[in-house]
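Engineer: The structure follows.
The values are calculated or read from the model by the stated rules, or taken from the named source; none is laboratory data. Predicted model, so just to flag it, every value in this text is computed and none were measured. In this analysis, Cβ positions are derived from the backbone assuming ideal geometry, glycine residues included, and neighbour counts consider all displayed protein chains. Quick note on the areas: whole protein, heavy atoms, side chains included, nothing else; ligands and nucleic acids left out. Shrake-Rupley method; radii C 1.70, N 1.55, O 1.52, S 1.80 Å.
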Amino acid sequence: QVQLVESGGGLVQAGGSLRLSCAASGRTFSGYTMGWFRQAPGKEREFVASISWSGGNTAYAGSVKGRFAISRDTAKNTVYLQMNSLKPEDTAVYYCAATNTASWDYWGQGTQVTVSS
């Protein structure tokens, strides 16, 4: 089996920080692009950030750019999302995903991030 397992979510006050982790198992994700998405209740899933296998190329949604940072440890098959200056509107279930094709092939189960005011 292939799994992506997110962790690190929780409850934090506005202005605080969280670091999400996504650990892959079952196979190596060498060469994959990794990404983070989020979905709030009643809202569509939205892109948050992505990173190339080498880590040399990153992309961010405009709403999080400058506050969030994506990184990866290829040896550990793990991707991270450092979330700083959190806002209540960042509250959502955060999912990690992986692809080496034109579409996202693997998804984690999600981890809840709740930002209180």
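Engineer: Filter the trypsin sites (Lys or Arg not before Pro) in the stretch 1-50 to those in DSSP coil with at most 11 other Cβ atoms within 10 Å of their Cβ, and list the result.
Structural biologist: Listed in order of number, the matching sites are LYS43.
Engineer: Using 0.36 nm per residue, how much length does the chain from SER85 to LEU11 gain when fully extended, once their Cα-Cα distance is taken away?
Structural biologist: 25.3 nm
Engineer: Whole Å is fine, so just give me how far the alpha carbon centre of the stretch 41-87 lies from that of the stretch 89-104.
Structural biologist: Measuring centre to centre over Cα atoms gives 9 Å.
Engineer: While we're here: Within 15 Å, Cβ to Cβ, of GLN109, how many net charges do the neighbouring residues add up to if Lys/Arg are +1 and Asp/Glu are -1?
Structural biologist: In short, +1.
Engineer: Spelling out what I want: for every residue of the stretch 52-66, take phi, set θ = phi - 60°, compute 6.51 cos²θ - 1.76 cosθ + 1.60 (Karplus), and round to whole Hz; glycine and proline get x.
Structural biologist: Rounded to whole hertz, the list is 6, 4, 6, x, x, 10, 10, 9, 9, 5, x, 6, 10, 4, x.
Engineer: Provide the per residue accessible area, probe 1.4 Å, for the chain, rounded to a whole number of square angstrom.
Structural biologist: Accessible area per residue: 51 Å².
Engineer: Give me the percent of accessible area attributable to carbon and sulfur for the chain, probe 1.4 angstrom.
Structural biologist: Carbon and sulfur together cover 47 percent of it.
Engineer: Compute the semi-axes of the equivalent ellipsoid of the chain, taking the square root of 5 times each eigenvalue of the Cα gyration tensor, and list them largest first in whole Å.
Structural biologist: Working through the eigenvalues yields semi-axes of 23, 14, 13 Å.
Engineer: Quick check: net charge around PHE29, other residues with Cβ under 12 Å of its Cβ, Lys/Arg +1 and Asp/Glu -1?
Structural biologist: Every neighbour counted, the sum reads +1.
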